[in-house]
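The structure appears right after this line, and notes come after that.
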Amino acid sequence: MTDIADYPAPMIEAMELALGRLDVREGHAVIAKLAEPGLSGARRENLQRQLLTTVKLVMGNPRALGILGVEPQALPVALSGIWPFAQADQLRCAIEDTLGTAGKFRTTLNLQAPDGRAIHATFVAWTEADGRDAISFGLLDITEQICVQDSLLRLQAEMAHSDRLSTLGVMTATIAHEVRQPLAAMMTSAEAGLRWLHKTPPELRQVEDCLETIVLGATKANETVAKLRAMASNRGQAREVCDVKVLIEETAGFLRQELASRHATLSLDIAADLPTVIADGVQVRQVLTNLMVNAAQAMADAQCWSRALKVRARGDETFVIIEVEDSGPGIASADRERLFDGFFTTKATGLGLGLRICRAIIVDHGGTLDHLSKASAGSIFRFTLPIQDIVDGTHQET
Ligand code: ADP
């Protein structure tokens, strides 16, 4: 078989193959001109348009013509009405590569159907027996896959955004509380300072004390706000050497008010010799926040009598292992498999995205995040982060 017209029609139809041929005889001269050095933008554009008018679709099976939106009686037809101008350069490559040493060419075409619909198709071209006059091609309609991919990407972006917002909701409440205290202290000191100043003679030593208290309060408020900004920032911070103990203690500090409001008692058990990790500290704090808030919420929602939240961290040869344990209601075995699916939530206002995003963050760091069964009531979430030596590749087997 030397020509696509020779392929058995039933086989082609059954496989839903879209096949066609392009007459490229007049295209060679235009391609040669396109190769001339120092071509101006306008002349180049003209030649590209010429290429699309001179190359013709001469044959196509019903499926190919359907994808390209061409009626059979219209053949032969110039590619100018079919091939997108923005991809004119790909047509040049298709001809050059197919007739050159490569012998084949592949690209994705973004076509427009007669009804205006966007069609994405994989275009594969190859040579048949009759030399440089024509090239044959196959088309694979991938519009559906591209649409699914696009909506997945959109969904992922939305998920990351909404999770950040829900985490921020908690953080903002906590920080509002943290900032209120220094602000109140600053106000009291300022009022006292004014009183000392209005005395005759003014008590300057006391005024100085008050001003120092104000400076301290402002510094503390500033630090708190800076932490919020780091958390809210959409830019992932660069990965750096992190001390997990510091990350846990910082998160615990942030959440002090949130945990207290749910009557959860936090205890930390962090190994003294914890190895350092390479991580995005903001993201790891986000994971810890999510796990700790989930635990406190679960214990409060179930009105547990004892509300013990424990965060443990220890290291082994390859990982730092962090566990967040609560004494809440635990998770029904039927729900355990869906925990990390996304959109699984038992909360009236929950999004069900937190755990999914936490897992994505940890996996991205080279670790794992899982829920462990607990003999007594409650849940344990365990995540791991590879230790710095492993990431650096300096770890030595002992
Ligand atoms: P959301 O908090 O928006 O529901 P998550 O992905 O963070 O989303 O959590 C999904 C679900 O997992 C929660 O709705 C809850 O049912 C369950 N869950 C998570 N952590 C715990 C926990 N510590 N104890 C009990 N259930 C939990």
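The values are calculated or read from the model by the stated rules, or taken from the named source; none is laboratory data. Keep in mind it's a predicted model, so treat the numbers as computed, not measured. Neighbour counts run over all protein chains shown; Cβ positions are idealised from the backbone, glycine included. The accessibility values were calculated without ligands, DNA or RNA, using every heavy atom of the protein model including side chains. Shrake-Rupley method; radii C 1.70, N 1.55, O 1.52, S 1.80 Å.
For segment 266-305 versus segment 347-371, the spacing of their alpha-carbon centroids is 13 Å. 3J(HN,Hα) along segment 287-294, derived from phi through the Karplus expression 6.51 cos²θ - 1.76 cosθ + 1.60 where θ = phi - 60°, amounts to 5, 4, 4, 4, 5, 6, 5, 3 Hz, with x in place of Gly and Pro. The gain in end-to-end length when the Arg117 to Ala190 segment is fully stretched comes to 19.6 nm, 0.36 nm per residue minus the alpha carbon separation.
Note on the chain: with a GNM built from Cα contacts shorter than 10 Å, the maximum mean-square fluctuation among Val244, Val58, Val320 falls on Val58. For segment 267-324, the Kirkwood hydrodynamic radius comes to 12.8 Å, computed from all pairs of different C-alpha atoms.
When the alpha carbon coordinates of the chain are projected onto the principal axes, the ranges are 102, 64, 51 Å, largest first.
For Thr108, the residues 5 or more places off, or on other chains, whose built amide H falls under 5 Å of its own are Phe123.
If you roll a 1.4 Å probe over the heavy atoms of the protein chains, what accessible area per residue do you get for segment 273-398, in Å²?
Values: 5960 Å² over 126 residues.
On a per-residue basis, 47 Å².
Straight-line cross-link partners of Lys220 among the lysines, defined as a Cα under 28 Å from its Cα and at least 8 positions apart when in the same chain: Lys245, Lys310. Among Ile357, Asn110, Gly131, pick out the residue whose Cα is farthest towards the positive end of the charge dipole of the chain, where Lys and Arg carry +1 and Asp and Glu carry -1 on C-beta, about the Cα centre. Most positive-ward Cα: Ile357. Extension gain, Val225 to Phe85: 0.36 nm times the residue separation minus the Cα-Cα distance gives 45.3 nm. Karplus-based coupling profile of segment 91-102, in residue order and whole Hz: 5, 4, 4, 4, 5, 4, 5, 5, 8, x, 5, 4, with θ = phi - 60° in 6.51 cos²θ - 1.76 cosθ + 1.60 and x standing for Gly or Pro. In this view, the solvent-accessible surface of Met11, computed with a 1.4 Å probe and all protein chains in place, comes to about 90 Å².
For the chain, the longest principal axis of the alpha carbon atoms and the long axis of helix 41-54 meet at an angle near 50°. Compared with the dominant principal axis of the Cα atoms in the chain, helix 143-198 is inclined by about 30°.
The portion of the accessible surface of segment 263-355 made up by carbon and sulfur, rounded to a whole percent, is 50 (1.4 Å probe; DNA, RNA and ligands excluded). Bridging of Lys104 to aspartates and glutamates at a Cα separation below 14 Å is possible for Glu96, Glu128, once same-chain residues fewer than 8 apart are set aside. Considering helices alone, the calculated mean residue ellipticity of the chain at 222 nm is -15500 deg cm²/dmol, with DSSP H runs of length four and up weighted by -39500 (n - 2.57) and normalised per residue. At most 12 other Cβ atoms within 10 Å plus a DSSP loop assignment makes a site exposed; report the longest stretch of the chain without any exposed GluC sites (Glu not before Pro). Value returned for the longest uninterrupted segment is 17-316.
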